[in-house]
């Protein structure tokens, strides 16, 4: 950072209020040309809100923004784009059914009424070359991989003359190797005078990518540090406000009988392309088997196939010795399987119904909640009250609709419903995604509890740290195949990273069974 | 001052009652405007409508007559709508119920012992209605064919079919040229309770309670509600979504079919013109205004019937087009739909404090 | 043979014209993400208002203008309910149909001259008559295309223009984005609500014109059921056209064709009861729908605009 240069961006005392929460509390930010700034904080710390204000999606209640020294009024993404500010969101802002080139020029002010797409394509190719963002301008978005789609997003910003790029959790969807590619792209851009802000909650990213870091906690700016002058421990402490234990207490493993077995399982994804290719492994009671891998390599299909939500095209799935391949979800539930799905509101819970209703959605078919055809509302309420207390779910009343609860409490409700036995199988998919550290810790503690009392747990997670912390064994899923299956003690980030990118590491394979 | 909508953080019970009531009033206002433009005194018109619907015992029973099919089809439609299954086919299900009832009444009645005739006729009507709703249900549940159109198209088919029957092969040879079947035998007559209001009224009340119990006290009802809110969740919870949809739709169609067969055995006692006069479409308004609550369907249906009967009266007395009642009906939905916003959102004023002001 | 084909094509085009207007209109509406089930009501209102205006002013142009205006107004109500007030789009559309049908009946019993008891039924007025284009109208079979009324000729321009606008212009690009992914369109600076309003209202205008063709050209005059459920069939035609204006012609031709065949068979005095013939269009719609859905599940790609039927609201600013 050049001490004499002017900051290209200044955000002064930005405050933003939402019903019930102060998302940003007088936050300051400075960004210099050619610099990468990391915005670090837990989920809910206010980082996304701050950046959404910068790109015009929200309006600040207080504070002001200066771009290149001039005060700026940013009322919409268009205003932000005019000032050279652009954002790559976590959920890509791309229209799947349209071409790359169409997506890149969508909404451009100076696009002629009848645009000449050949010129557009030419310019895209120029930028691709320059920044090493290889992508086919004439491809449809739905044909591209996640990493390629991210490249389209960055291309889009540069095409529109962005000087300041904001990236929201950019590596969440990338393999370690792809993340390095992104790092190189960022270096290339900053060497040409562009600046970048990226939002993250991962310390390693901060250390690897950024020049400066600003830590937010509970909406407030806690610290401004030069990356070279700090370390992950200090950052973690600033982020969370207390010493963070990176390892949970784990009791020694006590494996029981085999609960789940997959033998050569194959399945297709929604488009009919193979998503699972000859998956085989076995899982015992009292064990947590973690499945690592970048999202999109078959995780969703694996969970769906085991829980009966997707048909297999080959192979067998056995639960406690019984073949349940292609059984209905109901049959599988009756075989003692619980499922904590990745999509909380879309699948795991019904927001419009009460907390109590959601809690009984698994057990309503059994006594005492129901008998024959009838449901007993009083017993449902009793059951709900017990669960709410046992799992510390914060809700005004048991009859409050679930959608009014916070994300963490929604997940607790789902957990309370699914953690209903100490035998059988629990499938948990990205269970701590989007939760703050406190909620994450409690989710992991519950998973360990299930394991300790004898249940088999299949944990599918993108968070390598999570897997290394609580899993007994870790498998890596890449393009529908298991690249390796290791005991957690012998697994390390490098080996796992290689497997996640498609290399079969030497000695990476345990026997598929126990 | 700028207004904005802010999501509510808890449901408001008051809104649930206020909105339907308020929207009825607003629609009366809008219709009054229309009447004013048409150089007719709205207050006189409404007074005449009220008298026409409730002014005398016989007027009241006539209102009941119109209310009964609205109650039954309203119940049927509401159960389908609970699952977000847009069953617009109540009109056709009702018609076919009448046709099936007529068939049994005219063809089998002589062969059956008298006490069995009426039950057989009613059951036939319900089965026909169930079938007519079941076909789109199967197409939707198992082949993902959009139900809005299929239910609708089947309306036209059913109505054309029924017309063909009573103009053609089933026409009463002694009918003096009027299109329609012969009069049903006595054993197939649905008893009347007061004026022309028939036993269907009792069925409607009983079924309203029955549906309420099913929806709120049974596993099936619980599953229906879950499917309506979130089909993906329902599948994940192990519910057999397709089978439940078909079952609920069979019930829905049976209710409309019952409405049709009651009309035919309780009022006209023959199959003729005048069976399909739009009850199936009005039922949608009834169901929506009742917020899909079976118990609320009863009073709402009565209100709608009052509008229809009052409208007819007004036509005769004041020379207004018979379509007046229909226009008011159509108008009711607008404020109702507009008001549904308020159950989810609150109107707030943006203060817009910006830079320079200290907190 | 040739005279038969020619006359079939002629009837098909005449019957299909109102359908094409309405289909193109609804395609544009649905492309913005809004489902408008009110078309039956809008077509009826378009038909009755056009006829009433033409009866009193003898100006076909005025009739068309009013029909378009009426269609736009009804669609605007639907837009207000669905877009700003976030009402359920299915029920809102149905309410437009119920209201529009009721109002059309009302007007049909009220707008007529006193001499006819204020009824519009049974009257006649100026119509759009077919006029042949020189030389082109003498072509074998295809000549039927060039012996039509003005509104049908306008369709020959409307369809290619509608296609070009949707797929080759900036505005069409924006429209498609809004219907597929309103969040993205919003983030890219497109005014989503404005786009939805614009194309819902424009679509309604075209549907109104479709109704006008019925009372001013196809079955001149006014009668209570002049649309015969066409407004509903259009919904299927939009799906059949896969939301592509160029393909709208196919569906309209198909149904125009069924109409034509009905006429022919009845005129020829077949043994099939009239009722069954009349059922043809409705049954055909169901069959078309089933086939389209089945094919779509197979191909997995060509489908409705992804955000069709959803409401969109940006988080508070």
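I want to verify a result. In a Gaussian network model of chain B, Cα cutoff 10 Å, which of these has the top mean-square fluctuation: B:98, B:134, B:257?
B:134
Which of the three applies to region A:9-240, rounded, prolate or oblate, going by the alpha-carbon gyration tensor with a ≥ b ≥ c and a/c under 1.5 meaning rounded?
Working: a/c = 1.88, a/b = 1.43, b/c = 1.32.
Taking the square roots of the gyration eigenvalues as a ≥ b ≥ c, region A:9-240 is prolate.
Kindly work out what percent of the DSSP beta bridges joining two residues of the protein assembly as shown are antiparallel, to the nearest 5.
On the way: 57 of 93 bridges.
Looking only at bridges with both residues in the protein assembly as shown, the antiparallel portion is about 60 percent.
Tell me the angle of helix C:150-168 to the major Cα principal axis of chain C, expressed in degrees between 0 and 90 and rounded to the nearest ten.
20 degrees
In region C:264-300, which residues have a backbone nitrogen under 12 Å from the label point lying 7 Å from residue A:271's Cα in the Cα-to-Cβ direction?
C:300
What percent antiparallel are the DSSP beta bridges of chain A, to the nearest 5?
On the way: 45 of 81 bridges.
Counting only bridges with both partners in chain A, antiparallel ones make up about 55 percent.
Could you give the nm distance between label points at residue C:161 and residue A:423, where each point is 7 Å from its Cα heading toward the beta carbon?
That separation, rounded to one decimal, is 7.5 nm.
Considering the Cα trace of region A:344-420, what is its radius of gyration and what is Dmax, both in angstroms?
11.5, 35
Volume per residue, Å³, of the convex hull around the alpha-carbon atoms of the protein assembly as shown?
Numbers: hull volume 241.8 nm³, N = 1190.
So the per-residue Cα hull volume is 203 Å³.
Quick check on chain B: take the gyration tensor over C-alpha atoms, sort the square-rooted eigenvalues as a ≥ b ≥ c, and tell me if it's rounded (a/c under 1.5), prolate or oblate.
Cα axes put chain B in the oblate bin.
Taking R0 as 45 Å, what FRET efficiency do you get between residue B:196 and residue A:352 from their Cβ-Cβ distance, rounded to the nearest 0.05?
With R0 = 45 Å, the Cβ-Cβ based efficiency is 0.60.
For the Cα atoms of chain A, what angle does the longest principal axis make with the long axis of helix A:377-390, in degrees from 0 to 90, nearest 10?
60 degrees
Is it possible to state the helix-based mean residue ellipticity at 222 nm for the protein assembly as shown, with each DSSP H run of 4+ residues giving -39500 (n - 2.57), the sum divided by total residues, to the nearest 500 deg cm²/dmol? What is it? If you can, show how the numbers build up before the last one.
Numbers: 40 runs with 610 residues, N = 1190.
Result for the protein assembly as shown: -17000 deg cm²/dmol, rounded to the nearest 500.
State whether region C:163-317 is rounded, prolate or oblate according to the following rule on the C-alpha gyration tensor (a ≥ b ≥ c being the square roots of its eigenvalues): a/c under 1.5 gives rounded; otherwise a/b larger than b/c gives prolate, and the remaining case gives oblate.
Values: a/c = 2.75, a/b = 1.89, b/c = 1.46.
Here region C:163-317 falls in the prolate category.
Of the residues B:133, B:109, B:287, which exhibits the maximal mean-square fluctuation in a Gaussian network model of chain B defined by a 10 Å Cα contact cut-off?
Of B:133, B:109, B:287, the Gaussian network model singles out B:109 as fluctuating most.
For region C:136-178, what are Rg and Dmax over the alpha carbons, in angstrom?
15.0, 45
Take the Cβ-Cβ distance between residue A:223 and residue B:218 as r, set R0 to 51 Å, and report the resulting FRET efficiency rounded to the nearest 0.05.
Details: r = 58 Å, r/R0 = 1.13.
Using R0 = 51 Å, I get an efficiency of 0.30.
Under 17 Å from a label point 7 Å along Cα→Cβ of residue C:295: give me every residue in region C:16-37 with its amide N that close.
Output list for this probe position: empty.
What translational diffusion coefficient, in µm²/s and rounded to a whole number, does the Stokes-Einstein relation yield for chain C at 10 °C and a viscosity of 1.306 mPa s, taking the hydrodynamic radius as the Kirkwood radius over Cα pairs?
On the way: Rh = 20.1 Å.
Taking Rh from Cα pairs, D becomes 79 µm²/s.
Hey, rough spin-label estimate for residue A:143 and residue A:313, points 7 angstrom out along Cα→Cβ, what's it come to in nanometres?
With each label placed 7 Å out from Cα toward Cβ, I get 2.0 nm.
Pull out the extension gain between residue A:5 and residue A:343, defined as 0.36 nm times the separation in residues minus the alpha carbon to alpha carbon distance; nm, one decimal. Each step should come with its number before you reach the end.
Values: separation 338, 0.36 × 338 = 121.68 nm, distance 4.61 nm.
Residue separation times 0.36 nm, minus the Cα-Cα distance, leaves 117.1 nm.
Over chain B, with a Gaussian network built from C-alpha contacts below 10 Å, which listed residue (B:275, B:70, B:25) shows the highest mean-square fluctuation?
Largest GNM mean-square fluctuation: B:25.
Using the alpha-carbon atoms, what tilt in degrees (0 to 90, nearest 10) does helix B:241-263 show relative to the longest principal axis of chain B?
Its long axis makes an angle of about 60 degrees.
Can you work out the FRET efficiency for the pair residue A:71 and residue C:114, with r the C-beta to C-beta distance and R0 = 56 Å, to the nearest 0.05? Spell out each step's value before the answer.
Details: r = 70 Å, r/R0 = 1.24.
E between residue A:71 and residue C:114, to the nearest 0.05, is 0.20.
Using 7 Å Cα-to-Cβ label points, what is the residue C:272/residue B:178 separation (nm, one decimal)?
Going by the 7 Å Cα→Cβ label model, 3.3 nm.
Packing-wise, with mean Cβ within 10 Å as the measure, how do A:361-367, A:449-455, A:56-62 rank, highest first?
Numbers: A:361-367: 17.0, A:449-455: 19.0, A:56-62: 21.4.
Output ranking for A:361-367, A:449-455, A:56-62: A:56-62, A:449-455, A:361-367.
Please compute the length gained on full extension between residue A:493 and residue A:449, using 0.36 nm multiplied by the number of residues separating them and subtracting their Cα-Cα distance. Could the numbers behind the result be given before it?
Numbers: separation 44, 0.36 × 44 = 15.84 nm, distance 2.55 nm.
Length difference between fully extended and current span is 13.3 nm.
None of the figures in this text is laboratory data; all of them are computed from the coordinates on show. Just so we're clear, the structure is a prediction, and the values are computed from it rather than from any experiment. Reconstructed Cβ throughout: ideal geometry from the backbone, glycine too, with neighbour counts over all protein chains shown.
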